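Q: Please find one structure pasted underneath; my questions will follow.
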Amino acid sequence: MFEHDRDDPRLSRLYESLFYERNRKMADKIEKMLAGRGTYFVAVGAGHLVGRQGIIDILSRRGFSVRQQ
């Protein structure tokens, strides 16, 4: 899905705003939720889960144990 952003600078900028920046912001919000008590269900589009800049990887690098079901 993200292979083409390396080939075309226009796509790189698009992917940065559509996916990567949004992924970081969503990961920030999820992290804040997890700082509180309770159980949370988070649903996002599949494109936000994959790759080195996906939400799962971002949260894993921050020390969270992430399980995708």
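Q: Collect the residues in the range 47-64 that are at pLDDT below 90 and loosely packed, with under 14 Cβ neighbours inside 10 Å, keeping them in residue-number order.
A: Hit for the range 47-64 is 52, nothing else.
Q: For the range 30-45, state whether one or more residues are touching a helix residue (DSSP H, G or I) at 6+ places or on another chain (Cβ under 7 Å), closer than 19 Å to residue 15 by Cβ and surrounded by 14 or more Cβ atoms within 10 Å (Cβ to Cβ).
A: yes
Q: What is the residue count in the range 18-55 for residues that are assigned to a helix (DSSP H, G or I), out of contact with any Phe, Trp or Tyr (no Cβ under 9 Å at 6 or more places or on another chain) and free of Cβ contacts under 8 Å to residues at least 24 places away in the same chain?
A: Total satisfying the criteria: 8.
The values are calculated or read from the model by the stated rules, or taken from the named source; none is laboratory data. No experiment lies behind these values; they were computed from the predicted model shown. Virtual Cβ from ideal backbone geometry, glycine too; neighbours counted across all protein chains shown.
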